[in-house]
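Below: the structure, in structure tokens.
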Amino acid sequence: MVHGLWPQYEKGFPEYCQVPARRLNRNIVSSMLDLMPAPSLIYNEWDKHGTCSGLAPRAYFDMIRKARAVVKIPEEYMGLQEPLTVTPGEVTEAFVKTNPGLSADDMAVECGRKRLTEVRICLSKELQFRACPEITRRNCRRPQMLMPPVR
């Protein structure tokens with residue numbers, strides 16, 4: 001699942017750059033449901049981050065699709081049927097191994113309580129992996145966590 005794509009300053013990021021935001025065409029929303037499984041998430045990401053991208057709605061969501069295609073999910077994490085116990089380091093290592101050019105400095109593995117919540121990958125405007133110290137310092141510090149299966 002893709003949470004979103006947003007412009008990132010070296011410190012912080014812009015939000016809600018156009019209020020009220022330009023409404024999304026339903027065709028765009030339905031075309032994204034394979035990556036972003038809730039219409040409310042799609043609308044929210046457009047309102048909060050897409051309006052700051054400088055892109056028209058279709059171009060913004062096309063960029064999300066291209067960015068998602070750049071990132072490969074490690075095979076061992078595909079199709080989980082039950083939660084898997086992993087360490088943040090194991091997740092980082094698996095993503096780095098699966099994605100040539102990606103380094104640990106280009107990503108963060110985040111957790112809440114005892115569960116993996118997301119893997120954030122930093123990309124340049126050209127969709128190349130790039131270091132992002134502000135994001136990587138959010139790395140999960142738990143010795144282990146549960147990776148839930150995809151619903």
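The values are calculated or read from the model by the stated rules, or taken from the named source; none is laboratory data. This structure is a prediction, so every number in the text was calculated from the model and none was measured. For neighbour counting, all protein chains shown are included, and Cβ atoms are generated from backbone atoms with ideal geometry for every residue, glycine included.
Looking only at residues of segment 41-72 that are surrounded by 14 or more Cβ atoms within 10 Å (Cβ to Cβ), modelled with pLDDT under 95 and in a loop (DSSP other than H, G, I, E, B), we find that the one that is farthest from the chain's Cα centre (by Cα) is LEU55. The set of residues in segment 74-89 being surrounded by fewer than 18 Cβ atoms within 10 Å (Cβ to Cβ) and either of a type in the set (Phe, Trp, Tyr) or out of contact with any strand residue (DSSP E or B) (no Cβ under 9 Å at 6 or more places or on another chain) (or both) consists of PRO74, GLU75, MET78, GLY79, GLN81, GLU82. Within the set LEU24, LEU35, the sole residue that is more than 25 Å from VAL150 (Cα to Cα), outside the structural domain of ARG130 (by TED's automatic domain parsing), part of a loop (DSSP other than H, G, I, E, B) and modelled with pLDDT of 90 or more turns out to be LEU24.
Working only within segment 31-52, note down all residues that are more than 21 Å from PRO20 (Cα to Cα) and in contact (Cβ under 8 Å) with a residue 24 or more places away in the chain. Matches in segment 31-52: SER31, MET32, LEU35, MET36, PRO37. Pairing residues of segment 93-105 that are under 17 Å from GLU134 (Cβ atoms) with residues that are part of a helix (DSSP H, G or I) and aliphatic (A, V, I, L, M), at Cβ distances under 7 Å and at least 6 apart in sequence or on separate chains, gives SER103/VAL96; ALA104/VAL96. Residues in segment 5-19: is at least one charged (D, E, K, R) and modelled with pLDDT of 95 or more? For segment 5-19, residues charged (D, E, K, R) and modelled with pLDDT of 95 or more: absent. For segment 119-141, taking the residues that are polar (S, T, N, Q) and not in a helix (DSSP H, G or I), the one that is surrounded by the most Cβ atoms within 10 Å (Cβ to Cβ) is identified as ASN139.
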